[in-house]
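Worksheet: one structure, shown below.
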Amino acid sequence: MKRSSSVPSAGSSPAPAPPPSAHPGEPVLDLAVPVFNEETDLEPSVRRLHAHLRETFPYPFRITVADNASTDATPLIAARLARELPEVEWLRLAEKGRGRALRAAWSRSRAPVLAYLDVDLSTGLAALLPLVAPLLSGHSDLAIGTRLTAGSRVVRGPRREFVSRCYNVLLRCTLSVRFSDAQCGFKAVRRDAAERLLPLVRDTGWFFDTELLVVAERSGLRIHEVPVDWVDDPDSRVALLSTALADLRGVARVGWALARGTLPTDRRARRSRTPAVLTALAHLPLYAAVRPAAPAQTANSLALLTCWTLAQTTLGALPPPALAARLAVTAGALAVVRHTVPAAGLRAELAALAAAHLALVPGLLPLRRHRTESRTS
């Protein structure tokens, strides 16, 4: 079946790179669409997506409808679409979970580039080729759509906007991530990177995206961001409260795993944490020097602000949100010590501060454990 080989103009999207080698009979791009009880949106969205790819994507592709335990007519519609459209396949899972659906769809594919988007097509499809192009060229390992940069155009309610921005600020403060938007349902990954990352990602639900990106960034993989046009789906079935609580549990679990060193870290990722590590190491002796002349909280603030200023001056890489997180957590640690052991001395305070820094600088103690991780894939 003939497919248009035309390439969008330079003003709308970049020219495609030469396709990476694919296994015989496999597409270059495998685009998963995870669904749960989407009998209304599934058919029009898949047909629109299929038509867009046939018209604009210059290489063989596949659309994989990953149905995670739907109880309505979604499986019947997906099976019919797979019969009628040659580039569409249907995958049925017995258990619910978007992360579980993506893992299953990506793990079975041999396509060089794996991607997914939400079935409501909230993200403008014009961003699809710019999303995939850096992976086809080998310039990047992952690519994500972002709604939180100047080049994005977003239409959504104030509550969802507030929740999204707070979540991404939380990630920057607690996990020191550098990507701007963890939750946009528009992502792609090279298959070789996915094979390396998927065994390390535990979540099977909505936190799957965030965990994948955190592990990728900590492993030294390159993440490309694409500003997108995004329109909120008023009929979204995402339960904000339960999803937010699950995300918070995921953040705590991943942060603890990083702090214990049970996830690999690349040497480049470690160097990016150098300002945080140096701030932690310098804070304790400076606090000990200031503490005899000032109350605990005052000494903590003065010592930490001094260390942060020096780190900014010499290294320029510790963001203000990271400082705010360190002030809050170290102050909380001191408050707990003073409340539980009123007569605690300087040693107890230093121990509490050290524990607080360990929670804020993932992997500080076990750096040697994964010394060779960056050499393996």
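The values are calculated or read from the model by the stated rules, or taken from the named source; none is laboratory data. No experiment lies behind these values; they were computed from the predicted model shown. With ideal geometry, Cβ positions are generated from the backbone for all residues, glycine too; neighbour counts draw on all protein chains shown. Accessible surface is based on the protein model in full, side chains and every heavy atom, while ligands, DNA and RNA are left aside. Shrake-Rupley method; radii C 1.70, N 1.55, O 1.52, S 1.80 Å.
Points to keep in mind about this one:
- Charge sum, other residues only, whose C-beta stays under 15 Å from Pro295's C-beta, Lys/Arg counted +1 and Asp/Glu -1: +1
- Distance between the modelled labels on Ala355 and Thr298, one decimal in nanometres: 2.6 nm (7 Å Cα→Cβ projection).
- Carbon/sulfur fraction of accessible area - region 11-154, other protein chains in place, 1.4 Å, %: 53
- Rounded if a/c under 1.5, otherwise prolate or oblate - region 44-112, Cα gyration tensor axes: oblate
- Report note on the peptides 242-250, 300-308: ranked by the mean count of other C-beta atoms within 10 Å, highest first, their order is 300-308, 242-250.
- Computed accessible area, Ser152, all protein chains, 1.4 angstrom probe, square angstrom: 20
- Gyration tensor (alpha-carbon) shape descriptor, region 93-165, a/c threshold 1.5: oblate
- For the set Leu91, Leu200, solvent exposure ranked by accessible area (probe 1.4 Å, protein chains only) runs largest to smallest as Leu200, Leu91.
- Inter-centroid distance (Cα atoms) of region 199-232 relative to region 70-127, Å: 18
- Modelled FRET efficiency - R0 22 Å, Glu26 with Glu95, Cβ distances, 0.05 increments: 0.25
- Heavy atoms of the protein chains alone define the surface here; on that basis region 36-111 has 43 Å² accessible area per residue at 1.4 Å probe size.
- Cα gyration tensor category, rounded, prolate or oblate, for region 111-208 with a/c compared to 1.5: oblate
- Theoretical gain in end-to-end length, Arg178 to Ala246 [0.36 nm per residue, Cα-Cα removed]: 22.3 nm
- Placing pseudo-labels 7 Å out from each Cα toward the beta carbon at Thr309 and Ala73 gives an inter-label distance of 6.8 nm.
- Among 347-355, 125-133, the order from most to least packed when residues are scored by Cβ within 10 Å on average: 125-133, 347-355
- Under-5 Å amide H pairs with Thr146, H placed in peptide plane, nonlocal only: Val226, Val228
- The packing ranking of peptides 27-38, 52-63, 287-298, highest mean first, is 27-38, 52-63, 287-298, where packing means the average number of other beta carbon atoms within 10 angstrom of each residue.
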